[in-house]
Amino acid sequence: MPLPEQPSPPSKTVPDLGGGTRRKGVLAWALWDWGSAAFNAVVTTFVFSTYLASTAFVDPTIVSAAGGNDADPALVRALADNASVVGWALMIAGLLIAVLAPVLGQRSDGSGRRKLWLGINTSVVVLAMAAMFFVEAAPSYLVLGATLLAVGNIFFEFAGVSYNAMLVQVSTRENMGRVSGFGWGMGYVGGIVLLILLLALFIQSFGVDGRAGLLGVPTDGGLYIRVAVLASAVWFAAFAIPVLVRVPEAPARERGDRVGFFRSYRVLWGTITKLWHGNRQVLLFLLASAVFRDGLAGVFTFGAIIAAQVFGFSSSEVLYFAVAANVVAGISTILAGRLDDRFGPKAVIMASLIGLVVAGTAVLFIGTAAIGFWIAGLILTAFVGPIQTASRSFLARITPTGREGEIFGLYATTGRAVSFLAPGLFAAFVALSGSTRLGILGIVLVLLAGLLLMLPVRAEQAVID
């Protein structure tokens, strides 16, 4: 059951919520964020998505004809086509999330089985990651790789609905920003640790032909990348266990309040109607956040692809950047949690969106020197974490007790209802121009639209019910 609110005491590394059990609950909850770096950082951003975007998945005759010339038009076009395949797969995944997320969240509220569904959905993500081991470095495996990436995204989002809803079970309204920021910060720190381990053990070349990492994993068929992703699946599984054991379950509603799966959509429509008549500001926030969160997803998914294809980053260099990016993001996110409690989440969101638009636009004008991407990319990552944690606390503050899964499910749905924007615009700009770099323009336009939609949202809102 959600614990009673208490005055917020001075913070510690693990926020002190009024007793050892509460602190352990926060840490157990945040360890899921720590473990989720295995999917966010390794699969969608820096390792697996970059692997799919490499020349390993291009017709060997095109690669051979290019003769090592990365600017060869045929090679550039083939790589861009592969990036488009990933974009379309993620767009389809987003549509499925939009249809199912709020109802699944609502049903987890009513059944009192929020942790059960968190465990089930996390398990599917782990299995999808483990299956990526079978995606060999050959063009015929590109569709399998993109499909597994899409499946992982679907169930990761479902798991996130339950996980975000549990924020109210480990925090109070006075320290919700700090606790949310601590969780996101743990995710970035976990990403740093995991990426360093993967780099050292599996990916970094130490001068031994055909082998990589301290373990000397063969590179043929992309085995060293595949083993790294498999290890990441084990990492996620291990750190997802504490939240399922330590954090109390949300209470079940009375059986009379439970409805069938399809009738759940009627209940959902009733919630939306109530918001429309009683608190349209909530709907406006859901719309604005849907748009800018889709832009953030584009930054995560396509940033490493741009680094590899436009700026010539190798797999090892992408991971070096990833480690640095997670350091910057972890620090900024934890600090943003404190700013959230002091100045409110909207101020954090607006400042972060402005920073993202400026830094993203700069990528269009920095040439192909790696140092340019390092500077612009690290500035981007400084704003990504704060906007995520502030958005989560913004919604949690206005959600009535016992409705968290439903509302965060609606949050996921509105995000995915427009999830075709960033992948679609990225793929369209790449397809029209034949240049992967111009894909960033589509992502920037989505972020700018989210910024404009966020302007009229009031910083202080009434509770939904």
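None of the figures in this text is laboratory data; all of them are computed from the coordinates on show. All figures in this text were calculated on a predicted structure; none of them were measured in a lab. Here Cβ is always computed from backbone atoms with ideal geometry, including for glycine, and neighbour counts include all displayed protein chains.
Give a quick list of trypsin sites (Lys or Arg not before Pro) in region 165-224 that DSSP marks as loop, anything other than H, G, I, E or B, with at most 14 other Cβ atoms within 10 Å. Display every interim value, and only then the final one.
Working: sites: ARG173, ARG178, ARG211; in loops: ARG173.
Here the sparse-neighbourhood loop sites are ARG173.
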Exposed GluC sites (Glu not before Pro) being those in a DSSP loop with at most 11 other Cβ atoms within 10 Å, the longest stretch of the chain free of them is 1-253
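Given region 122-224, what whole percent of its Cα pairs are spread farther than 15 Å?
74
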Row for region 285-358, column shape: gyration tensor on C-alpha, a ≥ b ≥ c, rounded if a/c < 1.5 i.e. under 1.5, prolate if a/b over b/c, else oblate; value oblate
Stokes-Einstein diffusion coefficient of region 316-443, Kirkwood radius over Cα pairs, 4 °C, 1.567 mPa s, in µm²/s: 79
Based on the mean of other Cβ atoms within 10 Å per residue, sort peptides 80-90, 140-150 so the most packed one is first. 80-90, 140-150
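Using only helices, what value at 222 nm comes out for the chain when you add -39,500 (n - 2.57) per DSSP H run of length 4 or more and divide by the total residues, to the nearest 500 deg cm²/dmol?
Details: 17 runs with 322 residues, N = 465.
Helix contribution divided over all residues of the chain: -23500 deg cm²/dmol.
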Helix 404-417 vs. the chain, principal-axis angle (Cα, 0 to 90°, nearest 10): 40
If one takes the longest principal axis of the Cα atoms in the chain, at what angle in degrees, from 0 to 90 and to the nearest 10, does the Cα axis of helix 280-310 lie? 20
At 37 °C and a viscosity of 0.692 mPa s, what translational diffusion coefficient does Stokes-Einstein give for the chain, taking Rh as the Kirkwood radius over Cα pairs? Give it in µm²/s as a whole number. 147
Are there chymotrypsin sites (Phe, Trp or Tyr not before Pro) in region 145-207 that DSSP marks as loop and that have at most 15 other Cβ atoms within 10 Å, and which are they? PHE206
How would you classify region 138-196 from its alpha-carbon gyration tensor, with a ≥ b ≥ c the square roots of the eigenvalues: rounded for a/c under 1.5, else prolate if a/b is greater than b/c, otherwise oblate? oblate
Within region 310-352, list the trypsin sites (Lys or Arg not before Pro) lying in a DSSP loop whose Cβ has at most 11 other Cβ atoms in a 10 Å radius. none
